[in-house]
Structures are given as structure tokens and as C-alpha cells.
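Read the structure below first, then the notes.
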Amino acid sequence: MTKLADWLRAETSDQDLTGVMISMAAAGAEIAAVLRQAPIAGQTGLAGSDNVQGEAQKALDVISNDIVLNHLRASPAVSILVSEELDEAVDLSSQGRLIVATDPLDGSSNLDVNVTVGTIFSILPSDGGLLQTGQAQLAAGYVAYGPATSLVVRISGATSVFTLDDTGEWVLTVNRAAVPVASGEFAINTARERFWDAATKGYVRESVEGETGAAGKRYNMRWVGSMVADVHRILMRGGIFLYPLDSETISKGGRLRLLYEANPMAWLIEGAGGRSSTGKQGILDVVPTDIHQRVPVILGSAEEVARIEAWYAKS
């Protein structure tokens with residue numbers, strides 16, 4: 001069985017990058033242990049504060065952020081941490097070569113109903129500054145806390161999946177993840193239909209029409225409402241995830257954050273043969289203007305992403 005440390009040695013000779021990846025994996029293992037006991041410990045409620053986006057923080061949002069911060073403080077390779085839960089970037093080491101951007105606990109609104117949540121992270125070179133495109137990423141990953149705890153990572157080649165075993169080791173379970181090129185599933189919050197643009201309405205309508213419509217095949221809709229859970233399903237069996245720009249989110253630029261949600265997920269999906277887009281350009285090509293910038297997010301099976309991009313082109 002291939003362990004994470006062995007895989008990293010084969011993937012990169014950059015010891016700083018290896019160390020930060022191991023630190024994030026260790027943080028994920030610790031968060032997994034906390035989540036297993038959270039209902040017993042009474043840690044699933046609100047923390048009584050809001051994050052920089054004005055969203056109510058769960059107690060576990062704060063705990064998860066502290067866990068990630070503590071693990072990265074021990075890594076001299078990290079110069080700066082950007083977190084969804086912190087208003088400003090945190091300076092960690094003046095000698096560090098790397099920046100970490102993270103959503104420490106994505107989908108925490110689902111914690112009270114025991115739905116899969118996750119930790120998302122992106123690693124960038126510090127000499128490029130905080131506002132770099134997704135193409136500059138040196139590595140990215142997420143931890144999915146579900147029936148099994150999965151670590152999905154990519155450095156520069158393929159996207160790989162590890163599973164946390166009962167001894168606390170990360171064991172390689174999928175060496176080269178491959179998102180199917182075509183799919184019959186789409187993930188979108190249909191309760192927001194009244195806000196959608198014409199391209200999104202056209203794509204969903206065409207999909208719902210199934211064999212009788214222009215798509216020519218039957219579709220099912222799947223929506224968890226936790227980005228990690230929805231993207232993990234798509235990574236493993238195909239489909240498309242859509243959180244498009246709409247009339248309610250247009251003033252903010254979108255719903256999901258570019259640096260620590262959209263970019264790492266796009267990096268992972270593209271490493272598995274899928275595609276990502278805002279509808280008008282590739283996510284990894286978006287030039288950020290703020291550490292908490294929001295963008296539209298469309299990613300998954302290549303044929304499905306191309307189909308909705310065609311809708312945007314004609315809309």
C-alpha cells in the first residue's frame with residue numbers, strides 16, 4: 001500500500017511543498033477526529049460571530065481554522081495563510097516560500113444533519129504575491145469527511161485520492177482519478193431558478209427535457225449543498241457542478257470564493273481530465289483582485305462544461 005509520504009516523494013523533490021502537504025493532511029486527520037465527536041461534545045452550534053463574508057460561523061468553523069493554523073505555524077515553509085474564516089491574511093514566516101489559501105470547513109451548515117463536509121486548500125508560491133491566478137498553484141487538495149475520510153490531492157500531474165485508515169495513515173486508493181468525459185448528472189440549487197441567467201436556464205431546461213430535448217439523453221439532478229461532497233461525487237463518477245452568476249449574486253461577483261474554493265477545485269478536476277469555467281473563461285485564468293473575491297463556478301465532465309459554455313456564447 002502506498003502511503004502519502006511515499007507518493008509525495010515520487011511526485012516532487014520540493015521538500016517545502018512536501019512538508020506543507022503533510023501538514024494539511026495532518027490537519028485534516030485532526031479535524032476528522034473532532035468531527036466524529038462533535039455532536040457528543042456539543043460543538044455543532046453557532047460560534048456567535050460572523051466571518052468576513054458576513055456568514056454566521058459555526059463553532060466547528062472556528063475550531064477547524066485553529067487546527068489548520070496551528071499545523072501551518074509549525075511549518076517554516078509557509079509565509080502567509082489566507083482563510084475564509086479570517087478577515088485578513090496572516091503572516092506566519094518571513095522566510096517562507098509558500099502561501100496557503102484555505103476554507104477550513106466547507107459546508108459547515110450541513111454539520112447538524114451529518115452530511116459530508118470538507119477542508120479545501122490551495123498552495124501558491126509566495127514570490128507571486130497573494131493575488132495569483134489558479135494556474136500558479138503548486139498544489140491543491142481537499143479532505144472529504146464522509147463515511148470514509150478522503151484526501152484528494154494534485155501537485156502537477158494527475159489527481160489522486162487517499163483514504164485515512166484506522167491507524168491514522170493516509171493510504172492511496174485511487175492513483176489517477178478520471179472524471180468521465182460525458183455524464184447524465186448535474187448539480188445545481190434549483191430553488192434559485194428565479195435568479196438564473198438565460199444560459200443557466202437554457203442548460204437546465206435542455207437537461208430536464210432528457211431524451212426529448214436537444215441534449216438527447218436522460219439526466220438526473222444531484223445536489224448536496226456542500227461543495228466538497230458535490231465535487232467529490234463528480235470527481236469519482238462524473239457530472240457537472242454549477243454555482244453560476246445570477247441576479248442576486250452579481251453585485252458580489254458570484255457566490256464561491258476564487259482563491260480557496262474555485263481555484264483548488266478547478267485544479268483538481270482538471271487534473272482528472274475534467275474542465276472548469278465561469279461560463280465565460282476558465283476559472284484558473286481569472287486574475288484575482290481580492291483575497292476573498294467571489295466568482296461563478298462551473299466544473300466537471302468536459303462535455304457538460306462545453307455544453308453550458310455554448311449556451312453562454314449564444315446568450
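Every number here is computed from the coordinates shown, using simple stated rules; none is lab data. Note that the structure is predicted; figures quoted are calculated from it, not measured. FYI the Cβ positions are ideal-geometry reconstructions off the backbone, even for glycines, and counts take in every protein chain you see.
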Estimated dipole of region 4-147 in Debye, rounded to 20 [Cβ of Lys and Arg +1, of Asp and Glu -1, Cα centre] = 380
Stretched out fully, how many nm does the piece from Q37 to A178 gain, at 0.36 nm a residue minus the Cα gap?
-> 47.4 nm
Going residue by residue through region 232-248, the Karplus relation 6.51 cos²θ - 1.76 cosθ + 1.60 with θ = phi - 60° gives ³J(HN,Hα) values, rounded to whole Hz and with x marking Gly or Pro, of 5, 4, 5, 4, 7, 9, x, x, 9, 10, 10, 10, x, 5, 9, 5, 8
Helix axis angle, 302-314 relative to the chain longest principal axis, alpha carbon, degrees | 60
Relative contact order, percent, of the chain when contacts are C-alpha pairs under 8 Å separated by at least 6 residues?
-> 16
From the phi of every residue in region 267-272, what ³J(HN,Hα) in whole Hz does the Karplus formula 6.51 cos²θ - 1.76 cosθ + 1.60 yield, where θ is phi - 60° and glycine or proline is x?
-> 4, 6, 5, 5, x, 9
As a Kirkwood estimate from alpha-carbon pairs, region 185-314 has a hydrodynamic radius in angstrom of 14.6
Cα-based Rg of region 1-153 normalised by 2.2 N^0.38 Å, two decimals | 1.03
FRET efficiency, 1/(1 + (r/R0)^6) with R0 35 Å, evaluated for A158 and K314 via beta carbons | 0.55
Find how much the distance from D166 to R194 grows on full extension, using 0.36 nm per residue of separation minus their present alpha carbon separation; answer in nm with one decimal.
-> 5.5 nm
Tell me, in nm to one decimal, what length is gained between A89 and S251 on full extension, where the rule is 0.36 nm per residue of separation less the Cα-Cα distance?
-> 56.0 nm
Report the paramagnetic label zone for M221: residues of region 243-272 whose backbone N is under 15 Å from a point 7 Å from Cα along the Cα-to-Cβ axis.
-> 243-244
With axes computed from alpha carbons, what is the tilt in degrees of helix 59-73 against the longest principal axis of the chain, rounded to the nearest 10 within 0 to 90?
-> 50
Wrap a convex hull around the Cα atoms of the chain, take a quarter of its surface area, and give that in square nanometres.
-> 15.5
Karplus ³J(HN,Hα) for region 103-118 (6.51 cos²θ - 1.76 cosθ + 1.60, θ = phi - 60°; Hz, whole; x = Gly/Pro) runs 9, x, 8, 5, x, 5, 5, 8, 4, 5, 10, 6, 9, 4, 10, x
Hey, can you rank 91-100, 112-121, 168-177, 229-238 by average C-beta count inside 10 Å, highest first?
-> 229-238, 112-121, 91-100, 168-177
